[in-house]
Amino acid sequence: MDLAALDPLLLLASLLAAATPLIWAAMGELVVERSGVLNLGVEGMMIIGAIAGFAAAVATASPALGFLAAAAAGAALALLFGLLTQILLANQVATGLALTMFGLGLAALIGQPYSGIKPPPATRLAGQIDVMVPLGLALAGAVWWFLARSRPGLILRAVGENHDAAHALGYPVVAIRLAAIAFGGACAGLGGAHLSLVRVPQWTEGMTAGAGWIALAIVVFASWRPARVVLGAWLFGGVTILQLNLQALGLGIGSAWMSMAPYLMTILVLVLISAGRSRAALGAPACLGRVFDASG
Amino acid sequence: MNITRRTLMAGTAAALALGAARVRAQAKQKIKAAFMYVGPVGDFGWSYQHDQGRKAVEAALGERVETSYVESVPEGPDAERVLTQMARSGADLIFATSFGYMDQVIKVARQFPNVKFEHATGYKRAPNVSTYSARFYEGRHVIGLIAGHMTRTNTIGYIASFRIPEVVRGINAAFLAARSVNPKVQFKIVWVSTWFDPAKEADAANALIEQGCDVLMQHTDSPAAMTIAEEKGIYAFGQASDMREFGPNARLSSIIDNWNPYYIARAKAVLDGTWESTDTWGGIASGMTEIGGFSDRVPFEVRKQAMDAAIAIAAGRLHPFTGPIRKQDGSPWLAPGETADDATLLGMDFYVEGITDSLPR
Amino acid sequence: MLRLEPRPEPSRAMQALTPLAAVLLTLLLGGLLFAALGKDPVAAMRVIFVDPLLDGYSRTELLVKGTPLVLIALGLSFGFRAGVWNIGAEGQFIMGALAAGAVALAFHDVPGLWLLPLMALAGILAGLGWALIPAILKTRFNASEILVSLMLVYVAEQFLIAMVSGPLRDPQGFNFPLSRNFHDSALLPLVLEGSRVHLGVPVTLIAVALAAFVSRRHLFGFRSRLLGEAPRAAAFAGVEAGRMTVICLALSGAAAGLAGMFEAAGPAGQLAPSLPVGYGFTAIIVAFLGRLDPLGILLAGAVMALTYVGGEQAQYVLGIPAAANETFRGMLLFALLAVNLLVHYRLRLVRRAR
């Protein structure tokens, strides 16, 4: 047994496929956090996307419509979070956690008639690669361009850095944040639908199995930079894929210790980028998680 | 095929299994049977099959039984509460369908001596606690034969969950059977450290396929691997449930956990007042391990050989672990003609000779 | 148009009325949910919310289920008030249970009254130590404690799995990833005969009283509130933000670690990968539902425990799927979080200025 038996191209393809739901969900969350909002409900929005996408694809026999429905469902759930945290000023951490509970429960409820059904096959470009894989990379590019180069992106970042100042300049802080939250939900929904329509493809209760939480970790790992999100998703997805592939090769390393590694690495990265620098320099939005209240 | 193996288990198990003492009970007109599942009934695997058993009890006994269930009960303190609530609410018979409920079952059973408990896959018993499990390895032998014939690459992929005797036993049984019909066969084994994670199971299936496996077996609960096999145009076997709908072309056969006959018999025994604490390790003969229908893709001779093996196992003429068999390290295990005893099988923690992977630590 | 206006100080009337409003809102939404599933909504609400309170055994189980939630939420509440966001209590809970369990297993079959205090100490120190990691990374390197503490939850989960599949595995357990059952002297004594109410329950109730005293009367309670509400004023008053961060994280970690010890040495009686069932995360919600007030947390913990205990009964008695209960719990939380607004704000009809 040697590593030469590991076809690098095939390995790369599996890695790209495994990282795709993470890229979508994390990229959405990145935009949300850049606008100064911390939504911990990614897992809930992903699984709602997984079932909504699945159900719609089965009903219409079109994976594309499935993905569309997944985006809409993710955004709808996200807007519920937006309503609570932006309009009713509820605590973001608690609301996000409640959103995950609600999403997992609701998805399981909606999904009951869909166990054991095959979805319409999604078109593959090559091997495990479907259209969502390149689109995910394009999304990263688009988000980068939007945040770094476009005027609305600049405003969004301003809202995330200092909502009071942005408000004083006349920008509609709450509306901008709601838009970001809805975008984040749509992306998470698409990531979830990628799981249920392409990667596994089937619907089973609880099938996201923690992917939403990993997406949250990736945003931090990436220090809120789109390109690094892609890198982080490859790393987090890659550890599992590599572990499974090495085992398939007969090099048995499957252990809890290895599963810990990416999280420890994230902490390390966070410390490295945070050490000795101001928050603005490292890209963490200064207003992350803080309540904005225009009336006060 | 009921055996009482309380003398076989050493240490704590034997001490706790306070003997299969008979608890006299009156015949009843109507009973309440309660079921506790570790996963959602919609998992299409382990919990789903147990719920099929519950429905079979309702169908068979009609008016004379009332069933109810609680799903997704974590193994641990929550299970104890659910069991207690079931016993308090007047359940006559309680099925606890996961290994991790073992100590909770024993504890609650002690407080409710008149309620009968049935614990799946455990090894601790009491006068009002029976245990039951299926000899899945008998099924593994049958599908191992088919796999050995059907592989073109001589490489069979195996998705394993945790390094417990049951899983190790299954790998060994399947490997020995596959080797017996195809000496060139190799197993590639991936441990996913979970019973249920569709995405990870799918990734494992893909990894195995990329390493040249063209037949997949699994000891995890979701139908993800079957779905991937269908997509990639290779073969797989249903696990726990038939999984036909997930891989119409990929599925060669399946090992089905069929709890229905056992559940019906146990409910009847409570109705008749004849229930007693037993330990059941049912195989193909009792129907607890069921071989799902063979796919048309399996050639006739192979089907016949598999069928004959199943019949021989059921009749007691064939044991999947019949010597000569050596352990992986080359040390002798079974002499020619010798068959494995249940105690060794129940504690199996070694691979047989020929498997190239090593057990995870 | 309607306009939100901040109240000069939190409304007492609203503090009492809003939970009722939330409950009514949930009853309405949940009723619709259950009715849509073809279940009698009134019966469902009775089974979930009323029956467990009328039944002796269920009442004791509410205490058992609520204890870790309340204890962890109490610890978190001081930090949350000070703006220190420890959301990794789940990890600290796991480390506490693991350390206490390791002590119990190390002294297996050794009788002695000293064992339980030693386990409690190990649990507290492990939880505290695990929480100090984000505290130090925050004060030393300015790394967000929200994110570090969250990452450490996953590390703790994997660590628990590694330990119970390795060094702490039951040697006679057929390789199942479980520890052996703790010896009697490593199990918390029961305080109510015929129930599972263990010593941890009264300890938690005492902790509630203590926390209520500290948050109302003690300087620490004042300082944590000041730091959260007016960081600048706090600095003038001599409150060191860094020190408070460390203290708050240590305190919440210690509480979570102790809760872990209670769970391991109480109802669980062994270590298993399934030991953590999300108490650390649910406690965050409990803390906010209780408005970060010790008595409020006690009440919120009871309501949360009710949805679990009652939810199981709803499954068992009425055949309501587990998923519906989880959805319902989510609705209840949303409603409670939504109405919180009315405590600090009032709605006023205003005419738009022309």
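The values are calculated or read from the model by the stated rules, or taken from the named source; none is laboratory data. Given the structure is predicted, the values throughout are model-derived calculations rather than measurements. When we count neighbours, we look across all protein chains shown, and the Cβ atoms used for this are built from the backbone with ideal geometry, even at glycine. Note: accessible area is taken over every heavy atom of the protein model, side chains too, but ligands, DNA and RNA are not part of it. Shrake-Rupley method; radii C 1.70, N 1.55, O 1.52, S 1.80 Å.
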Exercise for review: Specify the angular offset, from 0 to 90 degrees and rounded to the nearest 10, of the alpha carbon long axis of helix B:198-210 from the longest principal axis of the alpha carbons in chain B.
Suggested key: 20
Revision key, fill the gap. Helix A:226-249: inclination vs chain A longest Cα principal axis, degrees, rounded to 10, gives 20
Study note, to complete from the structure: Rounded to the nearest 5, the percent of DSSP beta bridges in chain B running antiparallel is 20
Review point. Which entries of B:188/B:327; B:32/B:124; B:107/C:65; B:28/B:268 show an alpha-carbon separation above 20 angstrom in the structure shown?
Key: B:32/B:124
Study note, to complete from the structure: Whole-Å distance linking the alpha carbon centroid of segment C:325-347 with that of segment A:166-213 is 22
**Study point:** Cleavage-rule hits, GluC sites (Glu not before Pro), segment C:111-199, DSSP coil, Cβ neighbours within 10 Å at most 11
**Key:** C:193
Check your understanding: How big is the accessible area of residue B:232 in square angstrom, nearest 10, if you roll a 1.4 angstrom probe over the protein chains?
Key -> 70
Point to revise | Residue pairs, from the table A:118/B:232; A:118/C:39; B:55/B:200, whose Cα atoms sit over 22 Å apart | key: A:118/C:39; B:55/B:200
Study note, to complete from the structure: Largest-first ranking of A:171, C:57 by accessible area, probe 1.4 Å, whole protein assembly kept, is A:171, C:57
Review point. Under a 1.4 angstrom probe, counting protein chains only, how are A:260, C:14, B:307 ranked by accessible area, largest first?
Key: B:307, C:14, A:260
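Accessible area, 1.4 Å probe, largest first: how do A:144, B:281, A:234, C:85 sort?
A:144, A:234, C:85, B:281
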Study note, to complete from the structure: Between residue B:244 and residue B:276, the FRET efficiency computed from the C-beta separation at R0 = 41 Å comes out, to the nearest 0.05, as 0.65
**Study point:** Label-point separation, residue C:15 to residue C:219 (7 Å along Cα→Cβ), nm
**Key:** 2.5
Revision key, fill the gap. If amide H atoms are modeled at 1.01 Å from N in the peptide plane, then the residues at a separation of 5 or more from residue B:278, or on another chain, having amide H under 5 Å from its own are B:130, B:131
Check your understanding: Full extension from residue A:64 to residue A:264: what is 0.36 nm times the residue separation minus their Cα-Cα distance, to one decimal in nm?
Key -> 68.3 nm
Study note, to complete from the structure: Between residue B:265 and residue C:113, the FRET efficiency computed from the C-beta separation at R0 = 60 Å comes out, to the nearest 0.05, as 0.75
Revision key, fill the gap. Output ordering of C:132-141, B:311-320, A:189-198, A:55-64 (per-residue mean of other Cβ within 10 Å, highest first) is A:189-198, C:132-141, A:55-64, B:311-320
Check your understanding: Near the amide H of residue A:209, under 5 Å away, which other amide H atoms are found, from residues 5 or more places off or on another chain, if H is placed in the peptide plane?
Key -> none
Review point. Roughly what would the spin-label model give for residue B:111 and residue C:43, points 7 Å off Cα along C-beta, in nm?
Key: 2.7
Review point. What's the average, rounded to a whole number, of partner chain beta-carbon atoms within 10 Å of each residue's beta-carbon in C:151-160?
Key: 6
Practice item. Please work out the Cα center distance from segment B:161-229 to segment C:115-133, rounded to the nearest Å. Key: 41
**Study point:** Rounded to whole Hz, the Karplus (6.51, -1.76, 1.60) HN-Hα couplings of segment B:272-287, x for glycine and proline
**Key:** 7, x, 10, 5, 9, 5, 9, 10, 10, 10, x, x, 5, 4, 7, x
Exercise for review: Return the sequence-ordered ³J(HN,Hα) values of segment A:22-37 in whole Hz as given by the Karplus equation 6.51 cos²θ - 1.76 cosθ + 1.60 applied to θ = phi - 60°, using x for Gly and Pro.
Suggested key: 5, 4, 4, 5, 5, 5, x, 5, 4, 5, 4, 5, 5, 7, x, 10
Exercise for review: Find how many whole Å separate the alpha carbon centroid of segment C:151-226 from the alpha carbon centroid of segment A:30-86.
Suggested key: 36
Check your understanding: Peptide C:335-341: average number of partner chain Cβ atoms within 10 Å per residue?
Key -> 5
Exercise for review: Name the long-range amide H neighbours of residue B:238: under 5 Å, sequence gap of 5 or more, or other chain; modelled H, no Pro or chain starts.
Suggested key: B:252, B:253, B:254, B:255
Review point. What average count of beta carbons from other chains do you get within 10 Å of the Cβ of residues in A:148-161?
Key: 0
Check your understanding: How far, in nm, would the chain grow between residue C:191 and residue C:236 when pulled straight, counting 0.36 nm per residue and subtracting the alpha carbon separation?
Key -> 11.5 nm
Review point. Which net charge results when you count Lys and Arg as +1 and Asp and Glu as -1 among the other residues whose beta-carbon is under 13 Å from that of residue C:297?
Key: +1
Review point. Say R0 is 41 Å: what FRET efficiency, to the nearest 0.05, do residue A:175 and residue B:296 get from their beta-carbon distance?
Key: 0.10
**Study point:** Pair residue A:7, residue C:184: separation of 7 Å Cα→Cβ label points (nm)
**Key:** 6.4
Point to revise | Computed accessible area, residue A:167, all protein chains, 1.4 angstrom probe, square angstrom | key: 80
Revision key, fill the gap. With x for Gly and Pro, the residue-by-residue ³J(HN,Hα) of segment A:201-207, computed from phi through the Karplus equation 6.51 cos²θ - 1.76 cosθ + 1.60 at θ = phi - 60° and given in whole Hz, is x, 5, 10, 9, 3, x, 6
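Place a +1 charge on the Cβ of each Lys and Arg in the protein assembly as shown and a -1 charge on the Cβ of each Asp and Glu, then give the dipole magnitude about the Cα centre in debye, rounded to the nearest 20.
Working: 77 positive and 68 negative charges, 488 e Å.
Value, rounded to 20: 2340 debye.
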Practice item. Considering only DSSP beta bridges where both residues belong to the protein assembly as shown, give the percentage that are antiparallel (nearest 5). Key: 30
Study note, to complete from the structure: Of all DSSP beta bridges with both partners in segment B:118-251, the antiparallel percent, nearest 5, is 5
Check your understanding: When chain C is modelled as a GNM with alpha-carbon springs shorter than 10 Å, which of C:69, C:20, C:190 fluctuates the most?
Key -> C:20
